[in-house]
1. Starting from the stretch 103-157, pick out the chymotrypsin sites (Phe, Trp or Tyr not before Pro) whose DSSP state is loop and whose Cβ has at most 12 other Cβ atoms within 10 Å.
2. With a 1.4 Å probe and every protein chain kept in, tell me what percent of the accessible surface of the chain is carbon plus sulfur.
3. Compute the FRET efficiency between ARG157 and LEU84 as 1/(1 + (r/R0)^6), taking r as their Cβ-Cβ distance and R0 = 45 Å, and round to the nearest 0.05.
4. Can you list residues whose amide H is under 5 Å from ILE176's amide H, if they're 5+ apart or on another chain and H is modeled 1.01 Å from N?
5. Once the piece of chain linking PHE113 and LEU33 is laid out straight, how much longer is it, given 0.36 nm per residue of separation minus the C-alpha distance between them?
6. Please list, in order, the residues from the stretch 103-145 whose amide nitrogen is less than 19 Å from a point placed 7 Å along the Cα→Cβ vector of SER182.
7. In the chain, once you exclude exposed GluC sites (Glu not before Pro) (DSSP loop, at most 14 other Cβ within 10 angstrom), what's the longest stretch remaining?
8. Output the antiparallel fraction of DSSP beta bridges having both residues in the chain, as a percent to the nearest 5.
Amino acid sequence: DGHDIWALQIISSANTNKKGTMLVMSGLHARELTPPELVSRWAEELIRGYNTNADFTSVLDSTDIHIILQANPDARNLVETSSLNRMRRKNLRRTACSNSLSSGVDLNRNFPFLWGDDSGSSSNPCSQTYRGSGPGSEPEVQAVVRYAESIFPRSQRVVGDDVINHEYNDTTTTGIFIDVHSYGEFMVY
């Protein structure tokens, strides 16, 4: 439907030479209604606590924070407005699935990193974990990747098969990406 994906940037006026970068994303799965609210409340607390809470001030003085509250806005809108689609996980891509409620791409499985890994995604367009027709094939994923590439230094990106085993230099790696979900009771990092 073409809803825009917005990013919020929270920075302080502190003049530090090297600030870290944090990208927090939520709302990737349409049915997970609470993460965007949780992340927006966290952002409000950070802003409200600046110069009054030492921890919040330290975080904002040393980190540029970028937040994508709703990474799947079209499907989120459908979940909020249609009683038939309350549990929709995927985006609104029309796929070869004959059941329109199961159509779409699981955006979490569409990112280029390890795309096509059968241990957590499916090539079946009707599956809730359908990864799409190719790595980064979905406009929502393309937008998030472009934004992430614009804020994280190229020197911190590793390309190739050895990404998982790559050791990052603690003194030069200055960024973190956090994807917030509400399903499950675990933290993956």
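1. Listed in order of number, the matching sites are PHE113.
2. For the chain, the apolar C and S fraction of the accessible surface comes to 52 percent.
3. Efficiency, rounded to the nearest 0.05: 0.65.
4. Here THR21, MET22, LEU23 satisfy the definition.
5. Separation in residues times 0.36 nm, less the Cα-Cα distance, equals 26.3 nm.
6. It comes to 107-108, nothing else.
7. Between exposed loop sites, the widest span is 1-166.
8. Roughly 20 percent of the beta bridges in the chain run antiparallel, per DSSP.
The values are calculated or read from the model by the stated rules, or taken from the named source; none is laboratory data. On a predicted model such as this, the values are computed, not experimentally measured, just so you know. Using ideal geometry, Cβ is built from the backbone for each residue, glycine included, and neighbour counts are taken over all protein chains shown. With ligands, DNA and RNA removed, areas are computed over all heavy atoms of the protein, side chains included. Shrake-Rupley method; radii C 1.70, N 1.55, O 1.52, S 1.80 Å.
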